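Working notes, beginning with the structure itself.
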Amino acid sequence: SATPPMPDRSTRRKPARQRRRSLASRIILVTTVAAALAVIVAGLLSGFLLRYFAQAQGRQVLRDDASLAATATDVSVERNGRARVPEAIVRVLTADHINVVLVDGAGALTGPEGRALTVHPVNARDLAAVRSGVNVSTTRTVNGSRSYVEARPLSNGGAVVLFQKIAAARSNEG
């Protein structure tokens, strides 16, 4: 046949200008992907840290409230030796969705008004620890909700126990 064979284009090199453009495009793509990944990782990490510090702050506020309630209760022990959390403190704590429990010298749990409780935010080990004079700081499931629990001993052998749902502690930080 008289037609010359077609040149093989698969072995032909691309012009230098096209190669440079291709290399530049790759560099841009790689740096863009790296920057996007860095932003995603930083966002996830900052979200985790914000949550951690909000929880730590919520727990610290409850610790401070428990210490204040115990001190005020110790000061206001009635003549018959019964401890009572001052009403003003109970109102403030209740407004912040914090539950107040009193433990008498015999280990019975009551609400701040003196009524027996059906909910027990502390277990027997926590109760023994706080009644022996040790502060208790823990997380428990109370009425189906995860809650921070802070217990402080009283001078009469009883204790003040505060507990707050973790979700409520977070919402109070806003």
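Here's the yes/no breakdown for (1) basic (K, R); (2) modelled with pLDDT under 85; (3) assigned to a helix (DSSP H, G or I):
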{"position": "R20", "(1), (2), (3)": "yes, yes, yes"}
{"position": "I27", "(1), (2), (3)": "no, no, yes"}
{"position": "V33", "(1), (2), (3)": "no, no, yes"}
{"position": "G43", "(1), (2), (3)": "no, no, yes"}
{"position": "G47", "(1), (2), (3)": "no, no, yes"}
{"position": "L50", "(1), (2), (3)": "no, yes, yes"}
{"position": "L68", "(1), (2), (3)": "no, no, yes"}
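Please verify whether T94 is open to solvent by 70 Å² or more (accessible area, probe 1.4 Å) and modelled with pLDDT under 80, treating the condition exactly as stated.
no
I'd like to know if segment 54-72 contains one or more residues that are among the acidic types (D, E), without any contact (Cβ under 8 Å) to a residue 12 or more places away in the chain and farther than 16 Å from Q164 by Cβ.
No - not one qualifying residue is present in segment 54-72.
Any idea how many residues of segment 157-167 are farther than 14 Å from V101 by Cα and at pLDDT 85 or above?
Final tally of qualifying residues: 3.
Checking the condition open to solvent by 80 Å² or more (accessible area, probe 1.4 Å), under 21 Å from R51 (Cβ atoms) and either modelled with pLDDT under 85 or of a type in the set (S, T, Y) (or both), which residue from R146, R170 passes?
Selected residue: R170, the only one of R146, R170 that is open to solvent by 80 Å² or more (accessible area, probe 1.4 Å), under 21 Å from R51 (Cβ atoms) and either modelled with pLDDT under 85 or of a type in the set (S, T, Y) (or both).
I'm trying to understand the selection: among the residues of segment 143-165, which are in contact (Cβ under 8 Å) with a residue 40 or more places away in the chain, in contact with a strand residue (DSSP E or B) (Cβ under 8 Å, 6 or more places away or on another chain) and not aromatic (F, W, Y)?
Correct list: E150, A151, R152, P153, L154, G158, A159, V160, V161, L162, Q164, K165.
Which numbered condition in (1) hydrophobic (A, V, I, L, M, F, W, C); (2) within 22 Å of R59 (Cβ to Cβ); (3) open to solvent by 80 Å² or more (accessible area, probe 1.4 Å) is the only one that L127 fails?
Unmet for L127, out of (1) hydrophobic (A, V, I, L, M, F, W, C); (2) within 22 Å of R59 (Cβ to Cβ); (3) open to solvent by 80 Å² or more (accessible area, probe 1.4 Å): (3).
Being over 30 Å from A167 (Cβ atoms) and not polar (S, T, N, Q) is the filter here, so list the residues in segment 26-53 that pass it.
If the condition is that a residue be over 30 Å from A167 (Cβ atoms) and not polar (S, T, N, Q), then R26, I27, I28, L29, V30, V33, A34, A35, A36, L37, A38 are the ones that fit.
Exactly one of (1) in contact with a Phe, Trp or Tyr (Cβ under 8 Å, 6 or more places away or on another chain); (2) open to solvent by less than 20 Å² (accessible area, probe 1.4 Å) is unmet by V103. Its number?
Only one criterion is unmet by V103, namely (1).
How do the pairs read when you match residues in segment 107-124 that are of a type in the set (S, T, Y) with residues anywhere that are open to solvent by less than 30 Å² (accessible area, probe 1.4 Å) and at pLDDT 85 or above, using Cβ under 7 Å and keeping only pairs 6 or more apart or on different chains?
Qualifying pairs under 7 Å: T110/L102.
Residue under question is T110, and the condition is that it be crowded, with 16+ Cβ neighbours inside 10 Å, more than 24 Å from A168 (Cα to Cα) and polar (S, T, N, Q); does it hold?
For T110, the condition - crowded, with 16+ Cβ neighbours inside 10 Å, more than 24 Å from A168 (Cα to Cα) and polar (S, T, N, Q) - is not met.
The values are calculated or read from the model by the stated rules, or taken from the named source; none is laboratory data. Please read these numbers as outputs of a predicted model, since none were measured by experiment. We place every Cβ from the backbone using ideal geometry, glycine too, and count neighbours over all the protein chains shown. For accessibility, only protein heavy atoms count, side chains too; no ligands or nucleic acids. Shrake-Rupley method; radii C 1.70, N 1.55, O 1.52, S 1.80 Å.
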